[in-house]
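Here's the structure, in structure tokens; my notes come after.
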Amino acid sequence: MTLTTALEKLLEIEVEATEARKLSSRLRFACLPEPWTLNDFDFAAQPGVDEKLIRDLATLRFLDNASNVLLVGPPGVGKTMPAVALARSAVDAGHRVYFTTAAELAAKCHKAALEGRWSSIMRFFARPRLLVIDELGYLPLPGDQV
């Protein structure tokens, strides 16, 4: 093996390790509740889910357009899994993502407001390229948290 080839191999190993650390860091920050991907989603078991639409969303064009995506349906029909899978796609593509529930978001904002940290919590939630808010409307929120 020539010196150039050895250096190329070492640099390749270093780049792969760096990319793996970055991915691990983005996944830790994202707080995804499960490691689901779109390959894990059984579209046949959920005939009401438009597979073509979900796969189109997985291209993440909605991030470039700064568009919102809202998955609507009653509890237990499978909205969380595609939301997590889309979030995972964004993480894998190199984007910062944060997953939270509506109740957790409201509680954190309420606590920050009481502690005088409103602007810092708003910066925190504005920082990720994709913010996923799950369970919106599942639990009643106290009036002073809305």
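Per-residue answers, yes or no, for (1) open to solvent by 80 Å² or more (accessible area, probe 1.4 Å); (2) farther than 30 Å from ARG21 by Cα; (3) out of contact with any Asp or Glu (no Cβ under 7 Å at 6 or more places or on another chain):
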{"position": "PHE41", "(1), (2), (3)": "no, no, yes"}
{"position": "LYS52", "(1), (2), (3)": "yes, yes, yes"}
{"position": "ASN65", "(1), (2), (3)": "yes, no, yes"}
{"position": "LYS79", "(1), (2), (3)": "no, no, yes"}
{"position": "ALA102", "(1), (2), (3)": "no, no, no"}
{"position": "GLY116", "(1), (2), (3)": "no, yes, yes"}
{"position": "ARG123", "(1), (2), (3)": "yes, no, yes"}
Checked against (1) within 13 Å of the chain's Cα centre (by Cα); (2) surrounded by 14 or more Cβ atoms within 10 Å (Cβ to Cβ); (3) not hydroxyl-bearing (Ser, Thr, Tyr); (4) not in a strand (DSSP E or B), VAL132 satisfies every condition except (4)
Yes/no for LEU70 being open to solvent by 50 Å² or more (accessible area, probe 1.4 Å), under 25 Å from GLY48 (Cβ atoms), free of Cβ contacts under 8 Å to residues at least 24 places away in the same chain and aliphatic (A, V, I, L, M):
yes
Spot the failing condition for PRO75; the list is (1) touching a residue at least 60 places away in the same chain (Cβ under 8 Å); (2) surrounded by fewer than 12 Cβ atoms within 10 Å (Cβ to Cβ); (3) in a helix (DSSP H, G or I), and only one is missed.
(3)
Residue under question is LEU71, and the condition is that it be under 15 Å from the mean Cα position of the chain (by Cα) and modelled with pLDDT of 95 or more; does it hold?
no
Which one of ALA106, ALA83, ALA44, ALA58 is among the aliphatic types (A, V, I, L, M), out of contact with any helix residue (DSSP H, G or I) (no Cβ under 8 Å at 6 or more places or on another chain) and either touching a residue at least 40 places away in the same chain (Cβ under 8 Å) or under 26 Å from ARG127 (Cα atoms) (or both)?
ALA83
All but one of (1) at pLDDT 95 or above; (2) open to solvent by less than 80 Å² (accessible area, probe 1.4 Å); (3) of a type outside the set (S, T, N, Q) hold for LEU141; state the number of the condition that does not hold.
(1)
So PRO35 clears everything in (1) more than 29 Å from LEU105 (Cβ to Cβ); (2) part of a loop (DSSP other than H, G, I, E, B) except one condition, right? Which one?
(1)
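The values are calculated or read from the model by the stated rules, or taken from the named source; none is laboratory data. Keep in mind the model is a prediction, meaning the values are calculated, not measured. Note: ideal-geometry Cβ built from the backbone for every residue, glycine included; neighbour counts use all protein chains shown. The area values use the complete protein model at the heavy-atom level, side chains included, leaving out ligands, DNA and RNA. Shrake-Rupley method; radii C 1.70, N 1.55, O 1.52, S 1.80 Å.
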